[in-house]
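Here is the structure we will look at.
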Amino acid sequence: MDSGSKTEQISEDTSVIKEMFSAMNIKVDTISPIRLGKYDPTSSARRRPVRIRLPHTDGVADVIRLSGKLKSIDKFKLVSLSRDRTPTQIGYYKRIKHQLTDRTLAGETGLSIKYIHGVPKVVQARNYSGN
């Protein structure tokens, strides 16, 4: 938001988001973008994240699943899309990450966090030789 108004920023965000969705072949009629965090005019290098509210929950999974297509487009290769997490989900992920760290420090190798049915778990990486 250099010198533009809030409505101009929302309009710009909406057009960029629609362009991203078009690149993923997703049709969404209504998009409600909201910038997160406090606006800091001295930090123009880092853009604030945008939360997008979609009209239907069934489209969210498609957006997340197809977001990998954006990596092949120069304009969007640094864009990252993820679901909005609840505080409980964030706490659970932190516990899993701590468990991964503890197990790695205890000498286990080839471990990673993998989402199984939408739930993060510490798993042994496939085809890990241990060399």
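The values are calculated or read from the model by the stated rules, or taken from the named source; none is laboratory data. Everything quoted here is computed from the prediction, not taken from an experiment. With ideal geometry, Cβ positions are generated from the backbone for all residues, glycine too; neighbour counts draw on all protein chains shown. Note: accessible area is taken over every heavy atom of the protein model, side chains too, but ligands, DNA and RNA are not part of it. Shrake-Rupley method; radii C 1.70, N 1.55, O 1.52, S 1.80 Å.
I'd like the carbon and sulfur percentage of the solvent accessible area for the chain, probe radius 1.4 Å, heavy atoms only, ligands and nucleic acids excluded.
Ligands and nucleic acids excluded, carbon and sulfur give 52 percent.
Return one whole number: the accessible area per residue of the chain in Å², for a 1.4 Å probe.
Result: 78 Å² per residue.
Report the far tail of the P(r) of region 65-120, meaning the percent of Cα-Cα pairs longer than 16 Å.
Percentage above 16 Å: 60.
Do the sum for the chain: with -39,500 (n - 2.57) for every DSSP H run of n ≥ 4, divided by all residues, what is the mean residue ellipticity at 222 nm, to the nearest 500 deg cm²/dmol?
-11500 deg cm²/dmol
Quick one: of LYS38/LYS97; LYS6/LYS38; LYS18/LYS69; LYS27/LYS71; LYS27/LYS121, which pairs are farther than 24 Å apart, Cα to Cα?
Cα-Cα > 24 Å for LYS38/LYS97; LYS27/LYS121; rest within.
Find out how many positive minus negative residues lie around LEU70, taking Lys and Arg as positive, Asp and Glu as negative, among other residues whose Cβ is under 13 Å from that of LEU70.
Numbers: positive: ARG65, LYS69, LYS71, LYS75, LYS77; negative: GLU19, ASP74.
Charge balance in the 13 Å sphere: +3.
Please tell me the relative contact order of the chain in percent, rounded to the nearest whole number, where contacts are Cα pairs under 8 Å and at least six residues apart.
14 percent
Taking only the alpha carbons of the chain, what extent do you get along each of the three principal axes, in Å, biggest first?
Principal extents (largest minus smallest coordinate, Cα): 54, 36, 30 Å.
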